[in-house]
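Only the coordinates and a few stated rules stand behind these numbers; no lab work does. Since this is a predicted model, take the numbers as computed values, not measurements. Positions of Cβ are generated from backbone atoms using ideal geometry, with glycine treated the same way; all protein chains shown enter the neighbour counts.
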Amino acid sequence: MDNGSFQLKRSGLALLFQLAVFAVLMALLHQLLPVSLWCGFLVLGAVIYLLFYRKAPKVTALDHLDGREWTLSAAGKKQRVQISHMIDHQAYIVLYFQHARAKPVIVWRDQVALKQWKAFKVLAKML
């Protein structure tokens, strides 16, 4: 596998982050709301997660072509995109694209091997 090809696994850090945010929000609401209303928000949060987050197509591979040109592989489809900018947040990198139809992609640290992560960070700094 060359330096410009990144195979992405499922991220445990992303799931842990979302669970932590949800838990903090639920703890705060537990202090502010009656128990019956809090249970309603708990169920609503679980339903929203199951309906919207789980159905979002996951990017399985990124291939750096040349300059700002990349190929995204998601759900068996390959899409050629041009990156406008990348933001490095240490635990994850956010990729923004020039085309409005391509949603930003978040690549978490645990989705690639350490060597690939370092190469990805170098590419992020170059763009």
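I'd like the Karplus ³J(HN,Hα) series for the stretch 110-121: coefficients 6.51, -1.76, 1.60, θ = phi - 60°, whole numbers in Hz, and an x wherever there's a Gly or Pro.
7, 7, 10, 5, 4, 5, 5, 4, 5, 5, 5, 5
What is the pair-distance distribution P(r) of the chain, computed from all Cα-Cα distances in 10 Å bins starting at 0, with each bin given as a whole percent?
Computed distribution, short to long bins: 11, 37, 27, 16, 8, 1.
Please turn the phi angles of the stretch 11-17 into ³J(HN,Hα) values with the Karplus equation 6.51 cos²θ - 1.76 cosθ + 1.60 (θ = phi - 60°), one per residue in order, whole Hz, x for glycine and proline.
Taking θ as phi minus 60°, the curve returns 9, x, 5, 5, 5, 5, 4 Hz for the stretch 11-17.
If R₀ is 22 angstrom, what is the calculated FRET efficiency for the pair Lys78 and Ala113, using the beta carbon separation as r and rounding to 0.05?
The value I calculate is 0.50.
Hey, what do the phi angles of the stretch 68-76 turn into as Karplus ³J(HN,Hα) couplings, whole Hz, using 6.51/-1.76/1.60 and θ = phi - 60°, x for Gly and Pro?
The phi angles translate into 9, 7, 9, 10, 9, 10, 8, 6, x Hz.
List every residue whose amide H lies under 5 Å from the amide H of Lys58, counting only residues 5 or more places away in sequence or on a different chain, with H placed 1.01 Å from N in the peptide plane.
Ala75
Taking 0.36 nm per residue of sequence separation and subtracting the Cα-Cα distance, how much length would be gained by fully extending the chain between Trp38 and Leu16, in nm to one decimal?
Once the chain is fully extended between Trp38 and Leu16, it gains 5.7 nm.
Between Leu29 and Lys125, what is the label-point separation in nm under the 7 Å Cα-to-beta-carbon projection?
4.2
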